[in-house]
Structures are given as structure tokens and as C-alpha cells.
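The values are calculated or read from the model by the stated rules, or taken from the named source; none is laboratory data. Small disclaimer: the values here were computed from a predicted structure and weren't measured. Backbone-built Cβ (ideal geometry, glycine too); neighbour counts: all protein chains shown. Please note that ligands, DNA and RNA were not included when accessible areas were found on the heavy atoms of the full protein model with its side chains. Shrake-Rupley method; radii C 1.70, N 1.55, O 1.52, S 1.80 Å.
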Amino acid sequence: MQNVKLLIEYDGTDYSGWQIQQNGRTVQGEIENGLETILGSKTALIGAGRTDRGVHALAQSANFKIENSMPPDKIRSSLNGVLPRDIRILNAMYVDDNFDSRRDASARQYLYKMVKRETALDRLYALKVVKNLNYQEMDSAAELVRTKTDFNSFCKASSETENRKCKVSKSEWHDNGDFLYYTIRADRFLHHMVRSLVGTMIEIGRGKLNIDDLEGIFAESDRRAAGPTAPAHGLYLERVFYPNINN
């Protein structure tokens, strides 16, 4: 058996998320169907992150086992030949037999994209900025996020995990003219965590909350204390990090 790692880009607009569900079209389901088409047998795909409905990926990672020795470039091109155009395999490579895309990831990085002007091309892929956001206050809030480990106030209340501790190594806003970008990197993420943080920081940018309020929200450890959940269409899984693999 050979272990194959895929690097995947996808537009999540028309999908019910990454993970296979009983009802709903998913990215994992489409790729597993594609693998069955090119390999002739059902193949289980392990993804590094379970993106939600409508969330995109610039570089999702996943792996699967294959019995034959099809060249990685052939796997990539064959999959791209049968997959929908809103899912693209950027790279395929053989990795160690014990490699697991989810378990072995040391960190994941998400990007949230906001646009300041009216736009025809990015309206489905970036959140339109509300007027008069205080970018400096939002960046100060992002710096505070980097110092925290308990994100109970920023995950979906019905989240299946009881461990809501995350180690954030990067949290920052970047003003790029027409766009505002929020980048966050952590060892793990909770359900709706990034979107809840973004929604809360937007409230800070609007002047409805301040940095002291954000400290209080973390201290309360209650989702009801935080701001609204930002829409999914501005969120991208940007990169997955592995100790000994470059992509």
C-alpha cells in the first residue's frame, strides 16, 4: 500500500462543508467519488480540517491509501479530470505510510477576507465591510487573541468537544487597500471559532465593544457573551503545517 497526500483548493459555496454527511453534497464526498472513478474501488480520504458549509480552502490537506503505484502527477491530473471545476487538486505526493493528515498537523492557518468597496467579483468570497471600522482597535483585539488559550466563548455552543483550549501562534489584521484580511494560526480550531472571533472584532471596530469588553468575554467563557458569527463566505483554510513536509 502507498500513502498519498493531496493538496486541495476548493470553492465551498455549493457544498455542505468538507466532511461527508448523510444529506448534502460535500468536498470529501466529491473527491472520494473521484478516487473511486479513477481507481475502481472505494477509498477513504482523511482531511486535515473539517471546514463548514460555505467555507473555502486555498490549501486543504488530505491523504488516502492506494494499492497500485500510480505516479502522483497522474493521480493529480486524473482526479482533476473527473472532479467538479470548483475543486482542484494542486499537488499529490507519496508520504510515509504512517502519515495522517489530521493527526500529524502541527498547526492550521485560516484567512478571513473583507472588502471595503462595492464589488462584482468578490461579493461571494469576501464580507462587505460596514462603514467606519476602526482597524487599529481590531488589530489590538487580534493581539489579545494571541495571548489566550480558552476559546469557550468563541465556539458553537453544541460543539462536540469538551476541550476548548487552543494555542494561537498568529493573530493579526492586515489592511491592503480595498481589502481587510484577518489571519489566525493555531494548533487546533473549534467549531465556528474563527467566524465568532471575526464577528466580535467587527463589533470592536464599530465601537460597540472595546478591548476591555473582549477581556471580559474571554473570562465569561460563554458563547452568548461574544459577538455574532461572521458569514462563512469570507473564510478560507489557508494552510496546514506539518513538521517534516513543506506543503
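So what is the relative contact order for the chain, in percent, with contacts set as C-alpha pairs under 8 Å and at least six apart?
Relative contact order, the chain: 24 percent.
Can you tell me the dipole magnitude for the chain around its Cα centre, using point charges on the Cβ only (Lys, Arg +1; Asp, Glu -1), in Debye to the nearest 20?
For the chain, the charge dipole is close to 220 debye.
Counting pairs of Cα atoms in the range 141-243, how many percent are more than 18 Å apart?
45 percent
In the range 82-130, if the dipole is taken from +1 on Lys/Arg beta carbons and -1 on Asp/Glu beta carbons about the Cα centre, which of TYR110, LEU127, VAL82 is farthest to the positive end?
Sorting the options by dipole projection puts first LEU127.
Relative to the longest principal axis of the chain, what angle (0 to 90°, nearest 10) does the C-alpha long axis of helix 72-82 take?
80 degrees
For the range 1-111, with equal point scatterers placed on the C-alpha atoms only and solvent neglected, what are the log10 I(q)/I(0) values from the Debye formula at q = 0.23, 0.24 1/Å, to two decimals?
Debye curve over Cα of the range 1-111, log10 I(q)/I(0) at q = 0.23, 0.24 Å⁻¹: -1.42, -1.53.
In debye, nearest 20, what is the charge dipole magnitude of the range 1-133 about its Cα centre with +1 on Lys and Arg Cβ and -1 on Asp and Glu Cβ, if you could check?
Dipole magnitude for the range 1-133 comes out near 620 debye.
Could you compute the net charge surrounding ASP11? Neighbours are other residues with a C-beta less than 15 Å from the C-beta of ASP11; K and R count +1, D and E count -1.
Residues near ASP11 contribute -1 overall.
Which residue, ASP178, ASP122, ASP187, tops the fluctuation ranking in a GNM of the chain built on C-alpha contacts under 10 Å?
Per the Cα network of the chain with a 10 Å cutoff, ASP178 tops the list.
Name all residues of the range 118-152 having a backbone nitrogen under 19 Å from the label point set 7 Å from the Cα of ASP175 along its Cα→Cβ direction, giving them as ranges.
Those under the cut-off are 118, 127-144.
Regarding the range 74-166, what is the average projected area of its C-alpha convex hull, in nm²?
Convex hull of Cα atoms, orientation-averaged projection: 10.5 nm².
Which ³J(HN,Hα) values, rounded to whole Hz and listed in residue order, are derived for the range 99-107 from phi using the Karplus coefficients 6.51, -1.76 and 1.60 in 6.51 cos²θ - 1.76 cosθ + 1.60 with θ = phi - 60°, glycine and proline given as x?
5, 10, 4, 7, 5, 8, 5, 8, 6
Within the set LYS65/LYS148; LYS42/LYS148; LYS74/LYS128; LYS113/LYS167, which residue pairs have Cα atoms separated by over 32 Å?
Over 32 Å apart, Cα to Cα: LYS65/LYS148; LYS42/LYS148; LYS74/LYS128.
Select from GLY24, GLY54, GLY12 the residue whose mean-square fluctuation is largest in a Gaussian network model of the chain (Cα-Cα springs shorter than 10 Å).
Checking each option, the largest mean-square fluctuation is seen for GLY24.
Counting Lys and Arg as +1 and Asp and Glu as -1, what is the net charge of the other residues whose Cβ lies under 10 Å from the Cβ of GLN109?
Neighbour charge sum, excluding GLN109 itself: +3.
Sorted from largest down, give the three principal axis spans of the alpha carbons of the range 1-51, whole angstrom values.
In descending order, the Cα extents are 33, 20, 15 Å.
Of all GluC sites (Glu not before Pro) in the range 61-154, which ones are in loop regions per DSSP and have a Cβ with at most 16 other Cβ atoms within 10 Å?
GLU67, GLU118
Distance from the Cα centre of the range 162-216 to that of the range 1-17, in angstrom?
Result: 25 Å between the Cα centres.
Have a look at SER221, SER41, SER101 and tell me which one the Gaussian network model of the chain (Cα, springs below 10 Å) gives the largest fluctuation.
Ranking SER221, SER41, SER101 by mean-square fluctuation puts SER41 first.
For helix 211-220, report the angle its Cα long axis makes with the longest principal axis of the Cα atoms of the chain; keep it between 0 and 90° and round to the nearest 10°.
Here the helix axis deviates by roughly 60 degrees.
Please list the three semi-axes, largest first and in whole Å, of the ellipsoid equivalent to the chain, using sqrt of 5 times the eigenvalues of its alpha carbon gyration tensor.
Those come to 34, 19, 15 Å.
Please arrange ILE20, ILE204 by accessible surface area, largest first, computed with a 1.4 Å probe and ligands excluded.
ILE20, ILE204
What percent does the relative contact order of the range 197-237 come to when contacts are Cα pairs within less than 8 Å and at least six residues apart?
Worked out over the range 197-237, it gives 55 percent.
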